[in-house]
Amino acid sequence: MKTIALYPGSFDPMTFGHLDILERATKLFDHIIVTVAVNKEKSAVFSGDERVQLIHDCIADKEWSQKVEVHQFTGLLVNHAEKVQANTLIRGVRQISDFEYEFRMALTNKRLAPDVDTVFLMPDEEFTFISASLVKEIAYWGGDLTSFVPKNVADALEKKYENR
Ligand code: PNS
């Protein structure tokens, strides 16, 4: 049976940390659906369509890109997982401080959809401190984004903040 996993997140925007998790996931599952979802606690800088396009551009030259699909979804994640027949959610955990929030979310999702499990993956050590929020702050102040995000994302961030 084909294993399908959802990799959900805000991806506002995709970072090298997200890409690292995604690549790891392609080694564990047959098909990954990166799902750009709405986090009600955050206001996004990029529109859903922009985030989807950025992710497509980030993975275009990867040899594993054919295993990945990118969706946009508004609503409860587990509903999307059930619709696309994914029984696994992938979440990246960078540090212990991520864990409490992730643990609560995983248990809530499990209560809502008992057959959907959350798998936590750790990125490479060099990416453990990277977050989309920090990346946006660096971009806001015109800092060097080279080691945080792929070039297409850096270009998009620079454009977003050029008239700040
Ligand atoms: O990258 P993020 O912001 O940590 O991702 C959080 C996200 C978007 C995965 C989460 O907010 C989410 O799943 N939103 C959709 C609504 C939902 O299903 N919430 C989880 C039930 S508690």
Checklist outcome for this item: Taking the stretch 119-164 and keeping only residues that are of a type in the set (D, E, K, R), part of a helix (DSSP H, G or I) and open to solvent by less than 100 Å² (accessible area, probe 1.4 Å), one is left with Lys136, Asp155, Lys160
Checklist entry - Looking only at the stretch 117-150, which residues are out of contact with any Asp or Glu (no Cβ under 7 Å at 6 or more places or on another chain), over 25 Å from Asp61 (Cβ atoms) and free of Cβ contacts under 8 Å to residues at least 60 places away in the same chain? => result Asp117, Thr118, Phe129, Ser133, Leu134, Glu137, Tyr140, Trp141, Gly142, Gly143
Next on the checklist: Here's a check for you: in the stretch 1-13, which residue that is more than 10 Å from the ligand (Cβ to nearest atom) and open to solvent by less than 20 Å² (accessible area, probe 1.4 Å) is farthest from Val70 (Cα to Cα)?
Outcome noted: Pro13
Checklist entry - Just one of the numbered conditions (1) in contact with a helix residue (DSSP H, G or I) (Cβ under 8 Å, 6 or more places away or on another chain); (2) surrounded by fewer than 18 Cβ atoms within 10 Å (Cβ to Cβ) is not true of His56; which one? => result (1)
Next on the checklist: So, in the stretch 14-60, exactly how many residues are among the small types (Gly, Ala, Ser), under 19 Å from Leu77 (Cα atoms) and more than 13 Å from the ligand (Cβ to nearest atom)?
Outcome noted: 2
Next on the checklist: I'd like to know if the stretch 24-31 contains one or more residues that are touching a helix residue (DSSP H, G or I) at 6+ places or on another chain (Cβ under 6 Å) and among the hydrophobic types (A, V, I, L, M, F, W, C).
Outcome noted: no
Next on the checklist: Restricting to the stretch 23-50, name every residue that is closer than 21 Å to Leu157 by Cα and open to solvent by less than 30 Å² (accessible area, probe 1.4 Å).
Outcome noted: Val34, Thr35, Val36, Ala37, Phe46, Gly48
Checklist entry - Do you know which residues across the stretch 95-115 are more than 11 Å from the ligand (Cβ to nearest atom) and not in a helix (DSSP H, G or I)? => result Gln95, Pro114, Asp115
Checklist entry - Is it the case that the stretch 91-110 has a residue that's crowded, with 20+ Cβ neighbours inside 10 Å and among the β-branched types (Val, Ile, Thr)? => result no
Checklist entry - Only one residue in Val34, Val38, Val45, Val68 is modelled with pLDDT under 95 and of a type in the set (A, V, I, L, M), so which one is that? => result Val38
Checklist entry - Out of the stretch 83-98, which residues are over 16 Å from Leu22 (Cβ atoms) and in contact (Cβ under 8 Å) with a residue 40 or more places away in the chain? => result Val84, Gln85, Asn87
Checklist entry - Filter the stretch 63-88 for residues that are in contact with an Asp or Glu (Cβ under 9 Å, 6 or more places away or on another chain) and open to solvent by 70 Å² or more (accessible area, probe 1.4 Å); which is nearest to Lys159 (Cα to Cα)? => result Gln72
Checklist outcome for this item: For Lys2, the lone unmet condition from (1) of a type in the set (D, E, K, R); (2) more than 18 Å from Ala81 (Cβ to Cβ); (3) free of Cβ contacts under 8 Å to residues at least 40 places away in the same chain is (2)
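The values are calculated or read from the model by the stated rules, or taken from the named source; none is laboratory data. Fair warning: this is a prediction, and the values are worked out from it, not measured in the lab. Please note: Cβ atoms are built from the backbone with ideal geometry, for glycine as well, and neighbour counts cover all protein chains shown. The protein model used for the area step is the full one, side chains on, heavy atoms only, and it has no ligands, DNA or RNA in it. Shrake-Rupley method; radii C 1.70, N 1.55, O 1.52, S 1.80 Å.
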